[in-house]
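Quick note: the coordinates plus some simple rules give every number you see, no bench work behind them. Because the structure is a prediction, the values reported are computed rather than measured. Cβ sites come from the backbone with ideal geometry, for glycine too, and all protein chains shown count toward neighbours.
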Amino acid sequence: MNHNISTESREQGFVLVLALFMLTICTIIGMAAMSTSITELDIAGNERVHKETVYHAESGYAPVVAALFEKNAYGSWPDKEKFVDLGTDAYIELIDGSFLLEGRDDAPLNTGRWDKNNQNDAVEESPDIAVRLKNQFNLDMDVDKIDVRYIAGGAVEFAAGSEGIGVSTHRIIYNIDSIGTLSGWDNVKNRFVRELRLSGGVINQENPLAEIIVGYGYVPW
């Protein structure tokens, strides 16, 4: 006698298990893809913040150069004078009005080299210039004169030129140390969202910060 054994009861639920298994695999793949996307977004966001803070700090050389040209690299202003004044939260302030008259700040002495760890003053504690411009700039600069270099072939050597002897014969080398942060502005509270400094004047390390060190040579005329 032949007996036909039905397999339907044995295969019952197999398709459901397979479907659940495939759904689990797809869910894991989806979650992994989502996690990767979030990580990439975080990386891209951090990169954008990094670039913005660097660009902000790099812009610090501009007001320094403008101040140098105004006084022909020699002169002073009253301390805390507003070099540019566009209001309470839009200004360039000369915190130390005598920074152009400071002695050379090179280390080792008389080498014409600048050493971040061996200064008479530093941007963290004693900035020379501050820029606060809502939605744009939030930075401080320290300016150090580190060397005076004579230019070969200048008017002193040839004693010629309608301007007279000694004109444009040397270059004054400055070092500009600029530190800045993003200048986010709270329109509701009417203040900077990210303050560069805390109430005690200490640099706020909780904000994204960037520091740029630029050498600049000025030729008096």
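Some points to look at:
- Fewest-first ranking of MET34, MET141, using other Cβ atoms within 10 Å as the exposure measure: MET34, MET141
- ASP128 long-range amide H proximity, modeled H, under 5 Å: MET141, ASP142, VAL143
- Its Cα centre serving as origin, the stretch 59-218 has a Cβ charge dipole (Lys and Arg +1, Asp and Glu -1) of approximately 340 debye.
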